[in-house]
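Structure first, commentary second.
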Amino acid sequence: MRDPLTQATAVIEHALSQGGRPGFTCSFQAEDVAVLHLLRQQSPNVPVMFLETGYHFAEVIEYRDRLAGEWGLNLVNLEAKQSVAGQESQFGILNQTDPARCCHLRKVEPLIAGLTDVDVWFTGLRREQSPTRANLQPEEQHRFPTGLTLKKVSPIYDWTNAEVFAYLAANDIPVLSLYDQGYTSIGCEPCTAKPEPGEHARAGRWGGRKLECGLHTVTVKEA
């Protein structure tokens with residue numbers, strides 16, 4: 001019988017046992033917090049990398065800071081080279097006119113810079129989240145356009161949404177308040193909406209124009 005918790009713990013243990021420098025990219029959405037809680041049981045001081053785009057909901061920043069303080073996280077905020085004001089002055093409101101470019105500047109480039117000193121990249125990705133993630137494997141080898149190659153590990157790759165929230169509840173972990181407002185996938189505030197009934201979790205992102213910001217599509221999966 002499938003045991004999601006035992007399976008996820010084993011994935012983490014196996015990835016860490018191979019050596020290398022681990023790092024975890026965390027948006028502080030429910031699945032990421034579940035992985036964070038599991039991962040810190042085996043690697044308490046793992047770098048927790050948050051992409052500080054400058055466009056986040058205030059609730060996300062408050063929640064990030066709360067957990068960082070209460071859990072003593074090794075929090076690393078990854079920021080774009082250009083401030084929001086500088087980017088908007090030069091290019092206009094890219095999240096409206098060219099969201100792919102905005103994501104690349106404010107997410108993808110800072111991510112690549114942040115992962116430079118990491119060998120094992122932990123994520124909270126799940127197959128159920130969207131069609132683009134349906135074939136996700138617990139361990140994959142990925143290469144960035146820069147040549148950077150990492151082992152990408154998704155411990156809860158096959159967990160359902162219900163299993164994620166059940167884990168948080170069982171461990172008395174507070175949940176980001178935006179879920180109570182009807183959001184199911186939470187990114188930058190200008191690009192996040194509530195999905196319609198029956199739609200998949202990420203349907204409310206970018207007004208339906210795309211499903212991925214580029215963090216998980218910019219690489220080439222090698223294995």
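The values are calculated or read from the model by the stated rules, or taken from the named source; none is laboratory data. Source: prediction; values computed, not measured. Cβ: placed from backbone, ideal geometry, glycine included. Neighbour counts: every protein chain shown. Areas reflect the complete protein model, heavy atoms only, side chains present, ligands, DNA and RNA absent. Shrake-Rupley method; radii C 1.70, N 1.55, O 1.52, S 1.80 Å.
Decide, for segment 143-201, between rounded, prolate and oblate: order the square roots of the alpha carbon gyration tensor eigenvalues as a ≥ b ≥ c, take rounded if a/c falls under 1.5, and otherwise choose prolate if a/b is larger than b/c, else oblate.
Details: a/c = 2.15, a/b = 1.37, b/c = 1.57.
Judged from the Cα gyration tensor, segment 143-201 comes out oblate (a/c at least 1.5, b/c at or above a/b).
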- Sequence-distant or interchain residues sharing an amide H contact under 5 Å with Asn74, placed H: which? Val48
- Query: Which sequence of Asp180, Asp158, Asp98 reflects their accessible areas, 1.4 Å probe, from the largest down?
  - Reply: Asp180, Asp98, Asp158
- Note on the structure: Looks like the chain, by Cα gyration tensor root eigenvalues a ≥ b ≥ c and the a/c under 1.5 rounded cutoff (else prolate when a/b is bigger than b/c, oblate otherwise), is rounded
- Message: Just to be sure I understand: if I project the alpha-carbon convex hull of segment 67-176 onto a plane and average over all orientations, what area do I get in nm²?
- Response: 9.2
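Could you give the dipole magnitude of segment 4-221 about its Cα centre, charging the beta-carbon of Lys and Arg +1 and that of Asp and Glu -1, in debye to the nearest 20?
Details: 20 positive and 25 negative charges, 132 e Å.
Taking the Cα centre of segment 4-221 as origin, the dipole is about 640 debye.
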- Message: With unit charges on the beta carbons (Lys and Arg positive, Asp and Glu negative) and the dipole taken about the Cα centre of segment 31-81, which residue among Pro44, Ala34, Leu73 sits farthest to the positive side?
- Response: Pro44
- Note on the structure: Beyond 27 Å (Cα-Cα) in this structure, taken from Lys81/Lys194; Lys107/Lys151; Lys107/Lys221, we find Lys81/Lys194
- Message: I'd like to know which of Phe57, Ala8, Pro99 lies farthest towards the positive end of the charge dipole of the chain, counting +1 on Cβ of Lys and Arg and -1 on Cβ of Asp and Glu.
- Response: Pro99
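At 18 Å minimum axial length over the Cα atoms and a Kyte-Doolittle cut of -0.5, report the qualifying DSSP H helices in the chain, or say none.
Taking the DSSP H segments of the chain (at least 18 Å long, mean hydropathy at least -0.5), we get 4-17, 30-42.
What percentage of the solvent-accessible surface of the chain, computed with a 1.4 Å probe over protein heavy atoms, is contributed by carbon and sulfur atoms?
50
How much accessible area per residue does segment 101-150 have, in Å², with a 1.4 Å probe?
Working: 2040 Å² over 50 residues.
With all protein chains present, segment 101-150 gives 41 Å² per residue.
Based on the mean of other Cβ atoms within 10 Å per residue, sort peptides 138-146, 119-127 so the most packed one is first.
On the way: 138-146: 15.2, 119-127: 22.6.
Top of the packing list down: 119-127, 138-146.
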- Item | GNM flexibility winner over the chain from His14, His37, His104 (Cα, springs under 10 Å) | His14
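Could you tell me what percent of the DSSP beta bridges with both partners in segment 4-221 are antiparallel, to the nearest 5?
Values: 9 of 23 bridges.
That works out to approximately 40 percent antiparallel.
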